[in-house]
1. Among the residues of the range 234-265, what is the count of those that are in contact (Cβ under 8 Å) with a residue 24 or more places away in the chain, part of a helix (DSSP H, G or I) and not small (Gly, Ala, Ser)?
2. Does Glu214 fit the bill of being buried (at least 21 other Cβ atoms within 10 Å of the Cβ), at pLDDT 95 or above and among the acidic types (Asp, Glu)?
3. Going by the conditions given, is Glu95 under 25 Å from Glu189 (Cβ atoms), in contact with a Ser or Thr (Cβ under 9 Å, 6 or more places away or on another chain) and among the charged types (D, E, K, R)?
4. Filter the range 174-186 for residues that are crowded, with 17+ Cβ neighbours inside 10 Å and either touching a strand residue (DSSP E or B) at 6+ places or on another chain (Cβ under 8 Å) or among the basic types (Lys, Arg) (or both) and give the result.
5. Mind checking which residues of the range 114-143 are hydroxyl-bearing (Ser, Thr, Tyr) and either outside any loop (DSSP other than H, G, I, E, B) or in contact with a helix residue (DSSP H, G or I) (Cβ under 9 Å, 6 or more places away or on another chain) (or both)?
6. Check Ser42, Ser111, Ser115 and return the single one that is free of Cβ contacts under 8 Å to residues at least 60 places away in the same chain, hydroxyl-bearing (Ser, Thr, Tyr) and crowded, with 17+ Cβ neighbours inside 10 Å.
7. Identify all residues within the range 192-203 that are part of a helix (DSSP H, G or I) and surrounded by 15 or more Cβ atoms within 10 Å (Cβ to Cβ); write none if there are none.
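The values are calculated or read from the model by the stated rules, or taken from the named source; none is laboratory data. All of these numbers come straight from a predicted model, not from anything done at the bench. When we count neighbours, we look across all protein chains shown, and the Cβ atoms used for this are built from the backbone with ideal geometry, even at glycine.
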Amino acid sequence: MAKRTGLTLLCVALFLVAAHCSERRRGPDDCKPVVVAHRGASGYVPEHTTGAYALAVTMGADYVEPDAVMTKDGHIIARHENELSLSTDVAEREEFANRYRTQNINGVPTSGWFSEDFTLAEIKTLRSIERIPNIRPGNARMDGAYDVPTLQEIIDLVRGLEISENRTIGIYPEIKHSTHFQRIGLGMEQPLVDIFHNNGYIGPDAPVYIQSMEVNNLKELKKITNLRLVQLFGANRNSLPFDQAELGTDLTYGKMATPEGLAEIATYASAVGPDKGYIIPRDENDNLASATSFVADAHRVGLQVHPYTFRSENTYLPREFRSSDADHEIGDMQSELRAFIEAGIDGAFVDQPDLLNRLRNNCWIIIPPV
């Protein structure tokens, strides 16, 4: 009788918890570390496609992360670069052969087909392909299955998935090549903000982060929106954000990573997105070394820390977590993630979002009672 009574009370308690929790949908910042699906679930489906974003959400991602570039007629689309040949079939399209050209992107001569030379209608005739087929041959089997989505289409997809998932899902766009697009009259900062505001994403509690590798565009964004901003850090500490190099300053990513630099970032951003090496560098054998003070320094000035990028393939992993010498084979990314979680990160950019989600033992998805 005592056992039966105890079981009955437990069931009642669980029901009451579920009923209470179902009154509020889980938000994308409720569980730690936050899972940022890097270009969608790009470890399983070609990046920056609706398939990659949808799969990421069903795998438990808190945010989907589209990279933003502009079309000739001012539409924001999701591509990692404005050069299209690595991620679409544009090079195979005879009707666009004459669009091939060379231009400087962030000071680097780059040849190919560029988003700013195409209207959205033309972009929509292209099909997405796997960007790194030698590392992800399975993804390459889906070449041609998806088109190139606009930011608005991503928002619409996320809003639909929020209904089926019964939770709020965030969007975490990166403004690519800000200075370049501004110079050609296609600056995307205001249009990006307008799209979010017009869709009801307003204020610091909205499930949005806007990120950039440059600095001044984030400071300008701070003046026109209360959406949260993220300062990214390039992997090379000695390099300068492109806008700073153009302005002739001496502001390197290394200087930005100091306590003083982080304090300055905290005046305009809510979070920082460093390369993983800022938090746990690798030693001479390519194994993880000791953690730095980066996380503690950032937390001291109120910044969240979301490092990039965690990937399962051997080529991206520290040596101690690789399964073999074959670059494309899968290693132990979860052990790498555990080390960074112990270092105190608040979130992570991951290509396989399910693997980080499995590590979060404090994250419950409550299904409301019928």
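1. Total satisfying the criteria: 9.
2. In short, yes.
3. Working: under 25 Å from Glu189 (Cβ atoms): no; in contact with a Ser or Thr (Cβ under 9 Å, 6 or more places away or on another chain): yes; among the charged types (D, E, K, R): yes.
Against the criterion (under 25 Å from Glu189 (Cβ atoms), in contact with a Ser or Thr (Cβ under 9 Å, 6 or more places away or on another chain) and among the charged types (D, E, K, R)), Glu95 does not qualify.
4. Result: Glu174, Ile175, Lys176, His177, Ser178, His180, Phe181, Leu186.
5. From the range 114-143, those hydroxyl-bearing (Ser, Thr, Tyr) are 115, 119, 125, 128; that's our starting set.
Ser115, Thr125, Ser128 - these are the residues of the range 114-143 that are hydroxyl-bearing (Ser, Thr, Tyr) and either outside any loop (DSSP other than H, G, I, E, B) or in contact with a helix residue (DSSP H, G or I) (Cβ under 9 Å, 6 or more places away or on another chain) (or both).
6. On the way: Ser42 fails: free of Cβ contacts under 8 Å to residues at least 60 places away in the same chain; Ser111 fails: crowded, with 17+ Cβ neighbours inside 10 Å.
Ser115 is the lone residue from the list that is free of Cβ contacts under 8 Å to residues at least 60 places away in the same chain, hydroxyl-bearing (Ser, Thr, Tyr) and crowded, with 17+ Cβ neighbours inside 10 Å.
7. Here is the first cut: in the range 192-203, the ones part of a helix (DSSP H, G or I) are 192-198.
Listed by number, the residues that qualify are Leu192, Val193, Ile195, Phe196, His197.
Condition check ((1) over 15 Å from Val64 (Cβ atoms); (2) among the polar types (S, T, N, Q); (3) in contact with a Lys or Arg (Cβ under 7 Å, 6 or more places away or on another chain)) across all residues:
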position	(1), (2), (3)
Asn134	yes, yes, no
Gly138	yes, no, no
Val158	no, no, no
Arg167	no, no, yes
Gly170	no, no, no
Ser178	yes, yes, no
Phe181	yes, no, no
Gln190	yes, yes, no
Val193	yes, no, no
